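Working notes, structure below.
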């Protein structure tokens with residue numbers, strides 16, 4: 001059994017998905033603590049009573065799997081399980097900023113009107129050109 005000796009307080013790794021669009025997601029391995037064990041299962045902390053089989057780490061009633069640090073993630077991939085908490089948090093932050101920028105751009109485009117001065121419109125145009133060069137290499 002893969003997780004035969006697992007006990008409360010041990011750390012396992014599960015995939016955490018950051019969803020950022022219609023069926024678009026990025027997965028990251030994050031560490032979680034084991035909250036409870038039974039003879040055949042273990043339950044992890046803070047993720048809604050997610051249960052996993054001790055024999056192979058497969059989720060019970062969920063599309064998830066538990067891993068050990070340094071383990072090969074799958075038979076068809078060379079990816080090795082590592083703590084990707086920082087990468088996940090950075091990606092989540094990036095997605096939040098992108099969504100905020102889109103909302104901000106949408107809010108200002110409806111407010112451009114003829115009451116703005118030519119000078120202000122030229123300044124805005126230059127700033128947007130600079131922003132575009134930063135965002136689109």
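Identify, by number, the condition in (1) at pLDDT below 90; (2) exposed (fewer than 10 other Cβ atoms within 10 Å of the Cβ); (3) part of a loop (DSSP other than H, G, I, E, B) that residue 119 doesn't meet.
(3)
Of the numbered conditions (1) within 21 Å of the chain's Cα centre (by Cα); (2) in contact (Cβ under 8 Å) with a residue 12 or more places away in the chain; (3) surrounded by fewer than 12 Cβ atoms within 10 Å (Cβ to Cβ), residue 63 fails exactly one; give the number of that condition.
Every listed condition holds for residue 63 apart from (2).
In the range 66-92, how many residues are in a strand (DSSP E or B) and in contact (Cβ under 8 Å) with a residue 12 or more places away in the chain? If you could, list the steps in order and put the result at the bottom.
Looking only at the range 66-92, we keep the residues that are in a strand (DSSP E or B), and these are 66-67, 72, 80.
From what is left, the residues that are in contact (Cβ under 8 Å) with a residue 12 or more places away in the chain are 66-67.
Of the residues in that region, 2 qualify.
Any residue at all in the range 19-30 that is on the phi > 0 side of the Ramachandran plot and touching a strand residue (DSSP E or B) at 6+ places or on another chain (Cβ under 8 Å)?
no
Among the residues of the range 9-48, which ones are farther than 22 Å from residue 84 by Cα and assigned to a loop (DSSP other than H, G, I, E, B)?
Of everything in the range 9-48, those that are farther than 22 Å from residue 84 by Cα and assigned to a loop (DSSP other than H, G, I, E, B) turn out to be 22, 38, 39, 40.
To keep it simple, each residue is scored yes or no on (1) at pLDDT below 95; (2) over 30 Å from residue 98 (Cβ atoms).
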position: 16; (1), (2): yes, no
position: 21; (1), (2): yes, no
position: 26; (1), (2): yes, no
position: 48; (1), (2): yes, no
position: 54; (1), (2): no, yes
position: 71; (1), (2): yes, yes
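Looking at the range 4-37 only, could you name the residues that are more than 18 Å from the chain's Cα centre (by Cα) and in contact (Cβ under 8 Å) with a residue 12 or more places away in the chain?
Of the range 4-37, the ones more than 18 Å from the chain's Cα centre (by Cα) are 4-11, 33-37.
Once the filter is applied, which keeps residues that are more than 18 Å from the chain's Cα centre (by Cα) and in contact (Cβ under 8 Å) with a residue 12 or more places away in the chain, the range 4-37 yields 4, 6, 7, 8, 9, 10, 11, 33, 34, 35, 36, 37.
Need the failing condition index for residue 6 against (1) surrounded by fewer than 17 Cβ atoms within 10 Å (Cβ to Cβ); (2) touching a strand residue (DSSP E or B) at 6+ places or on another chain (Cβ under 7 Å); (3) in a loop (DSSP other than H, G, I, E, B), just the number.
Answer for residue 6: the failing condition is (1).
Can you tell me which residue in the range 122-137 is modelled with the lowest pLDDT, limited to those that are under 28 Å from residue 18 (Cα atoms) and exposed (fewer than 11 other Cβ atoms within 10 Å of the Cβ)? Walk me through it before giving the result.
The first filter runs over the range 122-137 and keeps only residues under 28 Å from residue 18 (Cα atoms), leaving 131-137.
Still in the list and also exposed (fewer than 11 other Cβ atoms within 10 Å of the Cβ): 132-137.
Details: 132: 84, 133: 88, 134: 84, 135: 79, 136: 81, 137: 70.
Only one residue tops the list, namely 137.
The values are calculated or read from the model by the stated rules, or taken from the named source; none is laboratory data. Source: prediction; values computed, not measured. Every residue, glycine as well, gets a Cβ built from its backbone with ideal geometry; the counts of neighbours run over all protein chains shown.
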